[in-house]
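Here is the structure we will look at.
The values are calculated or read from the model by the stated rules, or taken from the named source; none is laboratory data. Quantities reported herein were computed from a predicted structural model and do not represent experimental measurements. Note that each Cβ is placed from the backbone with ideal geometry, even for glycine, and that neighbours are counted across all protein chains shown. Accessible surface is based on the protein model in full, side chains and every heavy atom, while ligands, DNA and RNA are left aside. Shrake-Rupley method; radii C 1.70, N 1.55, O 1.52, S 1.80 Å.
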Amino acid sequence: GFALLGGEPVWNSGGSLKGIARLPATQRQPRRDVSFVTSGLFRDLYENLLVWLDRAVLLALDASSNTIRRQHPELIPALDAALERSALPPSPGDEPLDVNHVAAHWVETVRGEGDEDVRAGRRASLRVFGNAPGGYGAGINRLAERSGAWNARSELARVYLRRMGHAFGEGLQGEPAQTSFENQLKRTGRTFLGRASNLYGVLDNNDGYDYLGGLGLAIESVRGNAPRARVVRHADPKNPKVEPLEAALLSELRGRHLNPTSLKSLMEHGYAGARSMSQGFVENLWGWQVTSPQIIKSWAWDEIHSVFLEDRYAIGLDEFLEDGRNVHVLTNLEAILLVAASKGFWQPNSETLQALAESFAEHVAEHGLPGSGHTRPDHPMMSFVSTRLSEPLRERLSRRLTDAQVPKPGSDSSPSRITEIEIESTSDGPSLFVVIALALVLVIAGANRGRRVEKAGAARG
């Protein structure tokens, strides 16, 4: 983050961060405008680093402060108000705006608002965002897994913007700043998610698509097109690598989750292995589908159907998923496929869809609902399925769905619409993956030499 902003950390003798050295900007190495999105866990544990990131942004702005004062004297009060937030000594500079994107965008934002007072200057300087204090998670994972609670992807994008649009930094403790957040995302063309561990992949947990996927979805909603997403692998800090999100996702998809050797190993663990196939993979693939449809396309669901339901590798996977309690995993897997089809992400042929609908209905009629967010009795997908069933099977399914509806007077702990989930999601606690791996959805290069953040990422325009 410091490097993109045109600076580098200054360390004390003990290896702790004590300052920032501003480097000169050039046409070949301009100051990039960088926004940082923090997880709730990183916000709680490393508040001091969020302050340093904010200071780095203000130091970059100050590099062109003399230029702004000369070219836009009407903005001097707003500029002074923005810079006075920093505890660093003033360091006014004369850099042209064409090599200082932070300053250029600051000017553009303040003038574009038509409000050149001090409040506009402060708002335009905000670059560090995250949950409100006490909130955890971007909310996208919970919503994706409750696929009956929303119709359009834009609904999820609005949730991300609202939940993650709180400002942090020097003197800032999570103040609502959704407009500033949205303005920054409109300029963002690249996003980065840092991975400092090889323990988990991007398909192993729902936090990857919750943060990076949700960020891309939010940018797409305000910018009109998805950003170029990258995964920064720095488990070996001496040999960091950057790869496109598409390469990271598809290599895991092919190399692990659709690999017959890996699947046979999971089958040895019975129901736990079956759950890992569905909850630990297919459910997360669905989350990336919702947030990144430019990467996860219809063929991916063709593969899921062929490998898991048709046993393409002839390893007995279809029989394994029909055995005992595993059938509930199979039913949920079928439900995800049907939801993908009903929402237009998967385009199977009519014969495949017909057979899948009948198989799902038979499993529900025989064994009941598996109890996931894709199989609520009133899920719109149920109507999508019912129209493809014979009358006897439709009636059996209908009876099961009716029996499964147990209303609780005065309350409903399982929300059916996105508006209810938005309120509920503020109490979401950090998952194990967040605790182990996810710190920022933005790159923080060299935040602390002796204590490296386990998971970081960055978005820049």
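Please verify whether residue 425 is at pLDDT below 95, surrounded by 12 or more Cβ atoms within 10 Å (Cβ to Cβ) and not in a loop (DSSP other than H, G, I, E, B), treating the condition exactly as stated. Give the steps one after another, and end with the answer.
Values: at pLDDT below 95: yes; surrounded by 12 or more Cβ atoms within 10 Å (Cβ to Cβ): yes; not in a loop (DSSP other than H, G, I, E, B): yes.
For residue 425, the condition - at pLDDT below 95, surrounded by 12 or more Cβ atoms within 10 Å (Cβ to Cβ) and not in a loop (DSSP other than H, G, I, E, B) - is met.
Is the stretch 85-92 home to any residue that is within 30 Å of residue 212 (Cα to Cα), open to solvent by 50 Å² or more (accessible area, probe 1.4 Å), modelled with pLDDT of 95 or more and not basic (Lys, Arg)?
no
Taking residue 90 as meeting all but one of (1) within 30 Å of residue 282 (Cβ to Cβ); (2) not hydroxyl-bearing (Ser, Thr, Tyr); (3) not in a helix (DSSP H, G or I), write down the number of the exception.
Looking at each condition in turn, residue 90 falls short on (1).
If you go through the stretch 251-278 one residue at a time, how many are under 14 Å from residue 326 (Cβ atoms) and in contact (Cβ under 8 Å) with a residue 24 or more places away in the chain?
Summing the residues that are under 14 Å from residue 326 (Cβ atoms) and in contact (Cβ under 8 Å) with a residue 24 or more places away in the chain in the stretch 251-278 gives 8.
Just one of (1) of a type outside the set (Lys, Arg); (2) in contact (Cβ under 8 Å) with a residue 12 or more places away in the chain; (3) surrounded by 14 or more Cβ atoms within 10 Å (Cβ to Cβ); (4) assigned to a helix (DSSP H, G or I) trips up residue 76, so point out which.
Here residue 76 meets the rest and fails (2).
Quick one: what pairs do we get from the stretch 142-164, first residue over 16 Å from residue 286 (Cα atoms) and open to solvent by less than 40 Å² (accessible area, probe 1.4 Å), second among the β-branched types (Val, Ile, Thr) and not in a helix (DSSP H, G or I), C-beta under 7 Å, 6+ apart or different chains?
164/37
Which condition from (1) surrounded by fewer than 24 Cβ atoms within 10 Å (Cβ to Cβ); (2) under 25 Å from the mean Cα position of the chain (by Cα); (3) part of a helix (DSSP H, G or I) is the one that residue 136 breaks?
Answer for residue 136: the failing condition is (3).
Taking the stated definitions as given, is residue 213 open to solvent by 10 Å² or more (accessible area, probe 1.4 Å), more than 23 Å from residue 52 (Cα to Cα), assigned to a helix (DSSP H, G or I) and not basic (Lys, Arg)?
In short, no.
Confirm whether residue 292 is under 24 Å from residue 140 (Cα atoms) and touching a strand residue (DSSP E or B) at 6+ places or on another chain (Cβ under 8 Å).
yes
Hey, among the residues in the stretch 196-215 that are modelled with pLDDT of 95 or more and in contact with a helix residue (DSSP H, G or I) (Cβ under 6 Å, 6 or more places away or on another chain), which one's nearest to residue 142 (Cα to Cα)?
The extreme case among them is 210.
Among the residues of the stretch 168-182, write down those that are surrounded by fewer than 24 Cβ atoms within 10 Å (Cβ to Cβ) and in contact (Cβ under 8 Å) with a residue 24 or more places away in the chain. Spell out the reasoning first.
We begin by selecting, within the stretch 168-182, every residue surrounded by fewer than 24 Cβ atoms within 10 Å (Cβ to Cβ); these are 170-180, 182.
Selection gives 170, 171, 172, 173, 174, 176, 177, 179, 180, 182.
What's the total number of residues in the stretch 10-53 that are open to solvent by less than 50 Å² (accessible area, probe 1.4 Å) and assigned to a helix (DSSP H, G or I)?
Residues flagged as open to solvent by less than 50 Å² (accessible area, probe 1.4 Å) and assigned to a helix (DSSP H, G or I) within the stretch 10-53 amount to 9.
Filter the helices (runs of 4 or more DSSP H) completely within the stretch 260-318 down to those with at least 3 residues that are farther than 22 Å from residue 215 by Cα, polar (S, T, N, Q) and open to solvent by 20 Å² or more (accessible area, probe 1.4 Å).
Passing ranges, in order: 260-267.
So, residue 119, is that one open to solvent by 50 Å² or more (accessible area, probe 1.4 Å), modelled with pLDDT of 95 or more and part of a helix (DSSP H, G or I) or not?
It is false that residue 119 is open to solvent by 50 Å² or more (accessible area, probe 1.4 Å), modelled with pLDDT of 95 or more and part of a helix (DSSP H, G or I).
Any chance you could count how many residues in the stretch 324-345 are over 16 Å from residue 380 (Cα atoms) and surrounded by 15 or more Cβ atoms within 10 Å (Cβ to Cβ)? Don't jump to the end; show me each part of the working.
Residues of the stretch 324-345 over 16 Å from residue 380 (Cα atoms): 324-331, 333.
Next, only the ones that are surrounded by 15 or more Cβ atoms within 10 Å (Cβ to Cβ) stay: 326-331, 333.
Summing the residues that are over 16 Å from residue 380 (Cα atoms) and surrounded by 15 or more Cβ atoms within 10 Å (Cβ to Cβ) in the stretch 324-345 gives 7.
Could you list, in sequence order, all residues of the stretch 111-144 that are more than 23 Å from residue 51 (Cβ to Cβ) and of a type in the set (A, V, I, L, M)?
Scanning the stretch 111-144 gives 140, 143, 144.
Being farther than 18 Å from residue 304 by Cβ and touching a Phe, Trp or Tyr at 6+ places or on another chain (Cβ under 9 Å) is the requirement here; does residue 242 meet it?
Criteria met by residue 242.
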